Amino acid sequence: MKLATAAQLRELDRRAIEERRIPSIDLMERAAAEVAQAVLDLLPDRPGKCRAAVLCGAGNNGGDGIGAARLLFLMGVRVRVFLVGDYDRLTPDAMEETGRLSECGVELEEFDPQNPSQAAWVQNSQAVVDAIFGVGLSREIDPESKFAAAIDLINRCRGSVVSADIASGVEADTGRCLGRAVWADRTVTFSLKKIGQAVGEGALLSGAVTVHDIGIPPALVREVVCPVQTVEADFARAALPPRRPDGHKGNFGKLLVVGGAVGYTGAPYLTASAAVRSGCGLVYLGVPDSIWEIETVRCVSAMPFPLASAWGGKLSRKALSAVLEKLSVCDALAIGPGLGRDEDTAKLIREVLEKTEKPVVLDADGINALEGHIDILDSRQGRVTILTPHDGEFARIGGHTRGYRVETARAFAQVHGCILVLKGHRTITAGPEGNVLVNTTGNSGLAKGGSGDVLTGLIASLLVQGASPVLAAAGGAWIHGRAGDVAAEELTEYCMTPEDVIAAFPKVFRELSW
């Protein structure tokens, strides 16, 4: 699904109004109708037995709310409408909607944070419409303002909250909370979903987001070029390369996994297990000889082999030739899970990155090895390098998001010529061409040690089986999250483990294969 910026949406509205001669008030009326319908869908009883509060700003977003209030009133809902802003700043269309509301006998009331009658009405309404700010908001909300008071009041209400176009206080292009924001149960958005409704805090604050046609010609909507999109099931399905009926293990990819250290024996095992379970033909697992026997006992389908270890049970730089020799007969390398932070190990990782032409999936301590050595990553431009950091690892190599996850990820991938999988709520995959893909699956049960190791093995497995690097990365993130959702459905987010996520792969792959 396309994710648009505020500027793109403003241009889309302008083209519809100026080029296609669609009256702006008609667009507002259709938007109001969608908001009103969403409220009706959430009412716990017949409209005549319910009441609603509508809090509006002076802009066109407020006009949507005022129009929705009139429609709700005509359907029998008892409604009061509060203007959070200045009456003399109402836009022409919002003023027109105010007049239509008044003709029905309902007046637009000035919002007063100290008015107990207004507060009681909002708090005890079965539904509240948030139409205070639209997509143009980019400044922090003054905590002492009536806007902040209105948002706080909405968040204390007992009824369902429907936001018109965007939850007030959410920045449309980033998902940042601008000091305060409405926590919506549902957001009724128009024409295209906004970036801020899919990433950051906005992904949580928006509730269930539904996209509605308000009369802008579909041809105009299709012409909007959005470099940011969400990953859906169809995209993940495309990441599954077809399997030849007469294929053998050599046809389905050979992967080398390098990881592990004393005290970190689970990480490489999980990475290798995820690769095997997701279809990889042959998985070799190189680990320090200090833990090789442990991995040999654990692994049945993957093939562990020992590598030289240094003091403390971590991988030694002396293992370089053995790693490169094994990699020469493999299609890709996944390196980093459980290696630990040791300068000798880090030097090994950097030398491997410099010397191999093979695709590399770099995770955990493999990424940490680039701290202060980002030139090693730059030297691989033109070769496939997929990085899978969480925010802390990303910060160590210069990626300080500060709430701008999409923009920072895109810039990093473009500058360094890599594919970046920035893990977290709504994992972001950014490619070197500037395209960004936002994952839509997953839950808090994945916030456990080992989950990232599973993702690394899955992405590497899809890559060696023939998926393009971006498909493998973003499709792998979707499959990983969906498997986490399957595991949570059965075991709860509390009790699920990374092994349970791997065990859920078959159900997800079956879903995608139908």
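Please indicate, with yes or no, whether at least one residue in region 311-326 is among the hydroxyl-bearing types (Ser, Thr, Tyr) and surrounded by fewer than 23 Cβ atoms within 10 Å (Cβ to Cβ). Checked region 311-326: at least one residue is among the hydroxyl-bearing types (Ser, Thr, Tyr) and surrounded by fewer than 23 Cβ atoms within 10 Å (Cβ to Cβ). What residue, of LEU3, LEU90, LEU101, LEU42, is in contact (Cβ under 8 Å) with a residue 40 or more places away in the chain and farther than 14 Å from ASP130 by Cβ? Answer to the selection: LEU3. Restricting the search to region 45-70, which residues are in a helix (DSSP H, G or I), open to solvent by 50 Å² or more (accessible area, probe 1.4 Å) and in contact (Cβ under 8 Å) with a residue 60 or more places away in the chain? The one that is in a helix (DSSP H, G or I), open to solvent by 50 Å² or more (accessible area, probe 1.4 Å) and in contact (Cβ under 8 Å) with a residue 60 or more places away in the chain: ASN60. On the basis of being among the β-branched types (Val, Ile, Thr), modelled with pLDDT under 95 and either surrounded by fewer than 24 Cβ atoms within 10 Å (Cβ to Cβ) or touching a Pro at 6+ places or on another chain (Cβ under 6 Å) (or both), does THR401 make the cut? Criteria met by THR401.
Can you confirm whether region 264-276 contains a residue that is part of a loop (DSSP other than H, G, I, E, B) and out of contact with any Phe, Trp or Tyr (no Cβ under 6 Å at 6 or more places or on another chain)? Yes, some residue in region 264-276 is part of a loop (DSSP other than H, G, I, E, B) and out of contact with any Phe, Trp or Tyr (no Cβ under 6 Å at 6 or more places or on another chain). Among the conditions (1) of a type outside the set (Val, Ile, Thr); (2) open to solvent by 30 Å² or more (accessible area, probe 1.4 Å); (3) closer than 24 Å to ALA334 by Cα, the only one that LYS507 does not satisfy is (3).
Inspection of region 249-256 finds no residue satisfying the criterion of being over 27 Å from LEU324 (Cα atoms), among the basic types (Lys, Arg) and open to solvent by 10 Å² or more (accessible area, probe 1.4 Å). Of the residues VAL454, VAL501, VAL470, VAL486, only one is more than 22 Å from ARG244 (Cβ to Cβ) and touching a Pro at 6+ places or on another chain (Cβ under 6 Å); which? Exactly one of VAL454, VAL501, VAL470, VAL486 is more than 22 Å from ARG244 (Cβ to Cβ) and touching a Pro at 6+ places or on another chain (Cβ under 6 Å), namely VAL454. Taking region 160-180 as the range and being among the small types (Gly, Ala, Ser) and either touching an Asp or Glu at 6+ places or on another chain (Cβ under 7 Å) or surrounded by fewer than 21 Cβ atoms within 10 Å (Cβ to Cβ) (or both) as the test, the residues that pass are SER160, SER163, ALA164, ALA167, SER168, GLY175, GLY179.
Only residues that are touching a helix residue (DSSP H, G or I) at 6+ places or on another chain (Cβ under 8 Å) and either assigned to a strand (DSSP E or B) or among the hydrophobic types (A, V, I, L, M, F, W, C) (or both) were counted across region 96-130, and they come to 13.
If you go through region 331-376 and keep only what is surrounded by fewer than 24 Cβ atoms within 10 Å (Cβ to Cβ) and closer than 18 Å to TYR269 by Cα, you end up with just GLY340.
Of the numbered criteria (1) part of a loop (DSSP other than H, G, I, E, B); (2) closer than 29 Å to GLY175 by Cβ, the one GLY247 fails is (2). Report yes if some residue within region 246-255 is under 21 Å from GLU499 (Cβ atoms), under 34 Å from the mean Cα position of the chain (by Cα) and not polar (S, T, N, Q); otherwise report no. Within region 246-255 (the criterion being under 21 Å from GLU499 (Cβ atoms), under 34 Å from the mean Cα position of the chain (by Cα) and not polar (S, T, N, Q)), the answer is yes, since at least one residue qualifies.
Scanning region 198-246 for residues that are surrounded by fewer than 16 Cβ atoms within 10 Å (Cβ to Cβ) and of a type in the set (S, T, N, Q) gives a single hit, THR210.
Based on what the data block shows, is ASP88 in a helix (DSSP H, G or I), within 32 Å of the chain's Cα centre (by Cα) and of a type in the set (D, E, K, R)? For ASP88, the condition - in a helix (DSSP H, G or I), within 32 Å of the chain's Cα centre (by Cα) and of a type in the set (D, E, K, R) - is not met. The numbered conditions (1) in a loop (DSSP other than H, G, I, E, B); (2) under 20 Å from GLY63 (Cα atoms); (3) without any contact (Cβ under 8 Å) to a residue 24 or more places away in the chain are all true for PHE133 except (3). Restricted to region 380-398, and to residues there that are open to solvent by 30 Å² or more (accessible area, probe 1.4 Å) and within 16 Å of the chain's Cα centre (by Cα), the residue that is farthest from GLY476 (Cα to Cα) is ASP391. Scanning region 149-197 for residues that are without any contact (Cβ under 8 Å) to a residue 40 or more places away in the chain, within 21 Å of LEU43 (Cα to Cα) and in a strand (DSSP E or B) yields THR187, THR189.
To keep it simple, each residue is scored yes or no on (1) open to solvent by 30 Å² or more (accessible area, probe 1.4 Å); (2) of a type in the set (Phe, Trp, Tyr); (3) modelled with pLDDT of 95 or more.
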position	(1), (2), (3)
ARG100	yes, no, yes
VAL106	no, no, yes
SER117	yes, no, yes
TRP121	yes, yes, yes
ALA127	no, no, yes
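Report yes if VAL361 is at pLDDT 95 or above, among the β-branched types (Val, Ile, Thr) and in a helix (DSSP H, G or I), otherwise no. In short, no.
The values are calculated or read from the model by the stated rules, or taken from the named source; none is laboratory data. Values in this document were obtained by computation on a predicted structure and should not be read as measured data. FYI the Cβ positions are ideal-geometry reconstructions off the backbone, even for glycines, and counts take in every protein chain you see. These area figures cover heavy atoms from the full protein model, side chains too; ligands, DNA and RNA do not enter into them. Shrake-Rupley method; radii C 1.70, N 1.55, O 1.52, S 1.80 Å.
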